[in-house]
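The structure under discussion appears below in the form of structure tokens.
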Amino acid sequence: SIVQLMSNLEKAATGQKAINFQRITNNGEKFNLNDLKGKYVLLDFWGSWCMPCRQSHPHLIELYNKYRGDDFELVGIAFETSKSIEQANYTWKKAIEEDKLKYINVLNNTDMDQVDIVTAYGISAFPTKVLLDKNGIIIARWSGDDPGLDRTLKDIFGF
């Protein structure tokens with residue numbers, strides 16, 4: 001409902017604490033967002049079916065390669081429209097391989113009974129990027145192809 005969406009948007013607004021989630025990555029490793037405390041974390045909400053998302057991947061890879069290390073991590077959170085979890089898994093992993101994504105990637109469609117990450121973060125457009133500071137506080141959100149992301153990372157890291 002619209003009320004629920006507004007409530008989730010408020011919970012995941014700038015200045016709020018990031019909502020923790022756990023998933024298994026595309027490489028089969030356990031992932032917990034809280035484990036990244038102490039780093040800036042960029043959450044990229046995308047889907048294999050979303051062309052603007054896929055077109056943004058080369059630039060995200062550039063940013064990842066430029067800033068990755070002790071202070072920065074990138075986490076892709078895919079939402080697949082497939083009917084079955086098997087099909088969602090397949091299209092998600094195929095897109096990761098095709099787009100050569102080397103950073104952490106998780107699938108929203110699994111373990112949604114624990115937390116539906118897309119809903120929890122009030123995501124209504126793809127792609128959406130959410131930036132967390134070292135304390136896990138949401139410091140910015142962008143939808144679509146917004147140059148604000150590059151400016152903000154440059155301000156934070158100084159290059």
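Restricting the search to segment 21-38, which residues are outside any strand (DSSP E or B), open to solvent by less than 60 Å² (accessible area, probe 1.4 Å) and either at pLDDT below 95 or within 22 Å of ALA88 (Cβ to Cβ) (or both)?
PHE21, ASN26, GLY28, LEU33, listed by residue number.
Any idea which of PRO52, PRO58 is open to solvent by 30 Å² or more (accessible area, probe 1.4 Å), of a type outside the set (D, E, K, R), in contact with an Asp or Glu (Cβ under 7 Å, 6 or more places away or on another chain) and outside any loop (DSSP other than H, G, I, E, B)? Outline the logic, then answer.
On the way: PRO58 fails: in contact with an Asp or Glu (Cβ under 7 Å, 6 or more places away or on another chain).
After ruling out the rest, the residue left standing is PRO52.
Using beta carbons and a limit of 7 Å, which pairs, at least six apart or on different chains, have the first residue in segment 142-159 and open to solvent by 50 Å² or more (accessible area, probe 1.4 Å) and the second one not in a helix (DSSP H, G or I) and not basic (Lys, Arg)?
Close Cβ pairs satisfying both conditions: SER143/ALA125; SER143/THR128; ILE156/TYR40.
How many residues are among the charged types (D, E, K, R) and within 23 Å of ASN20 (Cβ to Cβ) when one looks only at segment 52-109?
Within segment 52-109, the subset among the charged types (D, E, K, R) is 54, 62, 66, 68, 70-71, 73, 80, 83, 86, 93-94, 97-100, 102.
Remaining after also requiring within 23 Å of ASN20 (Cβ to Cβ): 68, 70-71, 73, 80.
The qualifying residues number 5.
Can you list residue pairs whose Cβ atoms sit under 8 Å apart, with the first residue in segment 53-66 being within 18 Å of ALA78 (Cβ to Cβ) and the second being open to solvent by 30 Å² or more (accessible area, probe 1.4 Å) and among the hydrophobic types (A, V, I, L, M, F, W, C)? Count only pairs 6 or more apart in sequence or on different chains.
Sorted first by the residue in segment 53-66, then by its partner, the pairs are CYS53/PHE126.
Check ASN105, ASN135 and return the single one that is open to solvent by 40 Å² or more (accessible area, probe 1.4 Å), over 16 Å from PRO52 (Cα atoms) and either among the aromatic types (Phe, Trp, Tyr) or touching a residue at least 12 places away in the same chain (Cβ under 8 Å) (or both).
Numbers: ASN105 fails: open to solvent by 40 Å² or more (accessible area, probe 1.4 Å).
Testing whether each residue is open to solvent by 40 Å² or more (accessible area, probe 1.4 Å), over 16 Å from PRO52 (Cα atoms) and either among the aromatic types (Phe, Trp, Tyr) or touching a residue at least 12 places away in the same chain (Cβ under 8 Å) (or both) leaves just ASN135.
Of LYS83, LYS66, LYS93, which residue is loosely packed, with under 15 Cβ neighbours inside 10 Å, more than 14 Å from the chain's Cα centre (by Cα), at pLDDT 95 or above and not in a strand (DSSP E or B)? Working first, answer last.
Details: LYS83 fails: at pLDDT 95 or above; LYS93 fails: loosely packed, with under 15 Cβ neighbours inside 10 Å.
Only one candidate qualifies: LYS66.
Which residue out of LEU60, LEU101 is within 19 Å of SER143 (Cα to Cα) and under 13 Å from the mean Cα position of the chain (by Cα)? Break it down into steps so the answer makes sense when it comes.
Working: LEU101 fails: within 19 Å of SER143 (Cα to Cα).
Selected residue: LEU60, the only one of LEU60, LEU101 that is within 19 Å of SER143 (Cα to Cα) and under 13 Å from the mean Cα position of the chain (by Cα).
The values are calculated or read from the model by the stated rules, or taken from the named source; none is laboratory data. What you see is a predicted model, and the numbers here were worked out from it, not measured in a lab. Virtual Cβ from ideal backbone geometry, glycine too; neighbours counted across all protein chains shown. Just so you know, the surface numbers come from the protein's heavy atoms only, side chains and all, with ligands and any DNA or RNA stripped out. Shrake-Rupley method; radii C 1.70, N 1.55, O 1.52, S 1.80 Å.
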